[in-house]
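Engineer: Once you've had a glance at the structure underneath, I'll fire off some questions.
The values are calculated or read from the model by the stated rules, or taken from the named source; none is laboratory data. A quick note: this is a predicted structure, and the numbers were derived from the prediction, not measured. Please note: Cβ atoms are built from the backbone with ideal geometry, for glycine as well, and neighbour counts cover all protein chains shown.
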Amino acid sequence: MKKKLIVVLLLISIAAAAAILSFTISCQTPSTVSASMEPRIRLSSDYFNHVQEKLTIFLPEVEMLQALSWRVEVLEPHPSYLVFHEWVGRGQPPEQVIWDGKNFVGDWVHSASDYPLVYYVCDVYGNIKTVETRIPVDDFVFSD
């Protein structure tokens, strides 16, 4: 009777160890998610054009349990990449934001430049997910 109990306990221990090992290995194996499956920011136009006056930035749905806050930043096109314009909110992010091509003080974007755009979403646990793209700006000339 004792031998049967020892064999059963040994088999249970081996099965538990195998399950733990299998789980550990699966967690360490990098996932094979293709780049096409990652969230992407879409723009209403291929580039910002001052004639059209507004650019709609469609924000992707980011998988998070519960979004706490979000931020969209259009950065300067040159190093130090300071924030040129931003939108900030709490809770679930909107589906889109609309940009008029101006910064905080009303200055227009620079002609023929690419502006980095970064979208951040933070959840209630402090996890942050980011999605990045660039906003190309058309070559334009203002006349007086």
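Engineer: Going through segment 62-80 one residue at a time, which ones are farther than 30 Å from H110 by Cα and under 12 Å from the mean Cα position of the chain (by Cα)? Break it down stepwise before answering.
Structural biologist: The first filter runs over segment 62-80 and keeps only residues farther than 30 Å from H110 by Cα, leaving 62-68.
Answer for segment 62-80, where residues must be farther than 30 Å from H110 by Cα and under 12 Å from the mean Cα position of the chain (by Cα): V62, E63, M64.
Engineer: Restricting segment 41-67 to residues that are among the charged types (D, E, K, R) and farther than 16 Å from P136 by Cα, which is modelled with the highest pLDDT?
Structural biologist: So, considering only residues that are among the charged types (D, E, K, R) and farther than 16 Å from P136 by Cα, the one modelled with the highest pLDDT is E61.
For every residue, the table says whether it meets (1) hydrophobic (A, V, I, L, M, F, W, C); (2) loosely packed, with under 12 Cβ neighbours inside 10 Å; (3) touching a Leu at 6+ places or on another chain (Cβ under 6 Å); (4) at pLDDT 95 or above.
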{"residue": "S69", "(1), (2), (3), (4)": "no, no, no, yes"}
{"residue": "V72", "(1), (2), (3), (4)": "yes, no, no, yes"}
{"residue": "Q92", "(1), (2), (3), (4)": "no, no, no, no"}
{"residue": "G106", "(1), (2), (3), (4)": "no, yes, no, no"}
{"residue": "A112", "(1), (2), (3), (4)": "yes, no, no, no"}
{"residue": "V121", "(1), (2), (3), (4)": "yes, no, no, yes"}
{"residue": "D139", "(1), (2), (3), (4)": "no, yes, no, no"}
